[in-house]
Amino acid sequence: MAAAIEISGLAKSFAHDPGPPVLGAVDLGIEENEFVVLLGRSGCGKTTLLNLVAGLETPSAGRILVGGTPVTGPGGGKGMVFQQGALFPWLTARRNIAFAARNRGVASAEADRLADELLALVGLAGAGHKYPFELSGGMQQRVAIARALALDPKILLMDEPFGALDEITRNEMQDELLRVWAQRRKTVVFVTHSIWEGLILADRILVMAPRPGRFVLERRIDLPRPRRRSDPALIALYDEIWACLRGDA
Amino acid sequence: MRARAAEILVPLAVLAAFLGTWEYAAAAGWLRPIRFPPPSRLAGSFVDLAFHGFPEGITIWVHAAITVQRILAGHALALALAIPLGLLIGSHALLDRMTAPVVAFCRSVATLSLLPLALVWFGTGEGAKIFLIGYGCFWVMLSATIAAVKLVDPVLIRAARTMDTGGWAIFLRVVLPATLPRLLSGARIALGVGFMVIVGAEMIGTIRGLGSLIMEARTFYRTDITMVGMLCIGAFGLAAMAALEWLEARLVPWQARAEAQTR
């Protein structure tokens, strides 16, 4: 398979921040349509890594190729979902999604049609006229996912998208995301600090440690989806990752 | 429905009780009418002002129209200058740091202390009055605009950038709509400042306007007219605020409804 994302020697440190770099020199290759989860405690550099791939930050060293092309900035088919949703509060759900589509040159009427189609895909058919504040946290994240998909992105970057949700909604959203992902295959890089979230979602989990931010554990999960939390293989993995995060390994 | 009725009836009852006590106190001789003309006297004065005017021929409608014109002109001028300048300063951190002391200083200068200067610069005509109102409104609006830009949630800008939006498009399609609620409330506060400045601004060089009506009445010991003038300014101020709040609810429905929901 072709590599969707190729990271080599990537490092990031901030000028105002002395001490070890936020992200050490890391290498990572992600295959097309692979679902990769970056897992770690706060400050381990996972969000920085995601921002670098998105082009929202510039690397201190190393390089990133997305689809074989070096990343020089945001946009260009790198969809992103933020923890807080980051929907535009002055636009309805439909217009939020159409905003993304229109920016890649889709005509107005077609963008509205696409928005409705994506709303239906994320289970929000008929809610297009609602403003973000009229939607629950989970519904807002569904719109945010639909908005990222409206870019027709090659890769989907998700920065703790369900981190602000209660556990019940969070579990539902994980199922929803897998259902959407099954219909619209994308390369996904998903940042979380929930071990179970990673186990339920990922093809591959990368556990990160801080200062310098680096990968300390890599596990491939070949179990079919939907996965059950009672699966002994997952529980064994949970223990192994937890030990690693705690620093026993 | 019952709660809504109480919301209106209770303040009305308080107002009626207040006016009733006042009227009774004047009739019983506890209050000297020259100092505290009773409500019935004020009503009579208002009718007199409405038909005959003070000074003779200049009715309260003329005074009010001129005053409102001056406030709106000063307010509009201030907004036209403060909004573009505030957007510029707010978008550039360095510019903001350079101008912050100046803005804080000029905002703190009591507008009416500039009256003597305004008279020297603009003469006793309309210019000085509009300048003073404009000055008061300008600094309030400028700091509101700068704050509005600085308070735009950075994640909205990052999100827009991931959607191939950059430069001017970010400014027009993200920053501007994001600042709109705070710009509107800034405009409302600035208008309130205009109503506070107007009486002083109309003290000199005119016999028309509610401010000059109040001052003229003072020289004739017509406390009743002074009070009617005050009440008129208060009523117009209240109406202007209500109008702007209505406009806010129309222009930024997402904000108004979000606030109503958290209330």
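The values are calculated or read from the model by the stated rules, or taken from the named source; none is laboratory data. Note that the coordinates shown come from a computational prediction; the quantities given were computed from them, not determined experimentally. Neighbour counts run over all protein chains shown; Cβ positions are idealised from the backbone, glycine included. The accessibility values were calculated without ligands, DNA or RNA, using every heavy atom of the protein model including side chains. Shrake-Rupley method; radii C 1.70, N 1.55, O 1.52, S 1.80 Å.
Values computed for the structure shown
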| read-out | value |
| --- | --- |
| Filter result for A:Val81 (of a type in the set (Val, Ile, Thr), more than 14 Å from chain B (Cβ to nearest Cβ) and closer than 22 Å to A:Gln174 by Cα) | no |
| Candidate set from region B:110-163 (those that are open to solvent by less than 40 Å² (accessible area, probe 1.4 Å) and within 14 Å of chain A (Cβ to nearest Cβ)); member that is nearest to B:Leu77 (Cα to Cα) | B:Ala148 |
| Single residue of region A:85-121 satisfying the filter (farther than 11 Å from A:Val143 by Cα, in a loop (DSSP other than H, G, I, E, B) and modelled with pLDDT under 85) that is farthest from the other protein chains (Cβ to nearest Cβ) | A:Ala107 |
| Strands (runs of 3 or more DSSP E) within region A:175-249 that include 2 or more residues without any contact (Cβ under 8 Å) to a residue 12 or more places away in the chain | none |
| Residue identified as surrounded by fewer than 17 Cβ atoms within 10 Å (Cβ to Cβ) and either of a type in the set (Val, Ile, Thr) or farther than 28 Å from A:Lys154 by Cβ (or both) among A:Pro224, A:Pro232, A:Pro212 | A:Pro232 |
| Residue match in region A:65-74 (condition: at the interface with chain B (Cβ under 9 Å from one of its Cβ atoms) and at pLDDT 85 or above) | yes |
| Qualifying residue in region B:91-98 (condition: in contact with a Phe, Trp or Tyr (Cβ under 8 Å, 6 or more places away or on another chain), surrounded by fewer than 17 Cβ atoms within 10 Å (Cβ to Cβ), at pLDDT 90 or above and of a type in the set (A, V, I, L, M)) | no |
| Counted residues, region A:138-174 - those being open to solvent by 10 Å² or more (accessible area, probe 1.4 Å), assigned to a loop (DSSP other than H, G, I, E, B) and without any contact (Cβ under 8 Å) to a residue 40 or more places away in the chain | 2 |
| Subset of region B:156-176 (residues that are of a type in the set (A, V, I, L, M, F, W, C) and touching a strand residue (DSSP E or B) at 6+ places or on another chain (Cβ under 9 Å)) | B:Ala159, B:Met163 |
| Residues of region A:29-44 classified as under 13 Å from A:Val216 (Cβ atoms) and open to solvent by 10 Å² or more (accessible area, probe 1.4 Å), total | 1 |
| All positions within region B:16-39 that are surrounded by 13 or more Cβ atoms within 10 Å (Cβ to Cβ) and under 30 Å from the mean Cα position of the chain (by Cα) | B:Leu19, B:Trp22, B:Phe36, B:Pro37, B:Pro38, B:Pro39 |
| Pairs with Cβ under 6 Å, 6+ apart, first in region A:51-62 and over 16 Å from A:Gln83 (Cβ atoms), second surrounded by 21 or more Cβ atoms within 10 Å (Cβ to Cβ) and charged (D, E, K, R) | A:Pro59/A:Lys12; A:Ser60/A:Lys12 |
| Every residue from region A:122-137 that is outside any helix (DSSP H, G or I) and within 14 Å of chain B (Cβ to nearest Cβ) | A:His129, A:Lys130, A:Tyr131, A:Leu135, A:Ser136 |
| Residue in region B:41-56 that is open to solvent by less than 60 Å² (accessible area, probe 1.4 Å) and among the charged types (D, E, K, R) present | no |
| When residues of region B:189-204 are limited to those that are in contact (Cβ under 8 Å) with a residue 60 or more places away in the chain and open to solvent by 50 Å² or more (accessible area, probe 1.4 Å), the one nearest to B:Gly127 (Cα to Cα) | B:Ile204 |
| Region A:57-72, residues that are open to solvent by 20 Å² or more (accessible area, probe 1.4 Å), closer than 23 Å to A:Pro161 by Cα and in contact with a strand residue (DSSP E or B) (Cβ under 8 Å, 6 or more places away or on another chain) | A:Glu57, A:Val71 |
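Quick grid of which residues meet (1) buried (at least 17 other Cβ atoms within 10 Å of the Cβ); (2) touching a strand residue (DSSP E or B) at 6+ places or on another chain (Cβ under 9 Å); (3) within 13 Å of chain A (Cβ to nearest Cβ):
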site: B:Ala178; (1), (2), (3): yes, no, yes
site: B:Arg182; (1), (2), (3): yes, no, yes
site: B:Ala187; (1), (2), (3): yes, no, no
site: B:Tyr221; (1), (2), (3): no, no, no
site: B:Val228; (1), (2), (3): yes, no, no
site: B:Ala240; (1), (2), (3): yes, no, no
site: B:Val252; (1), (2), (3): yes, no, yes
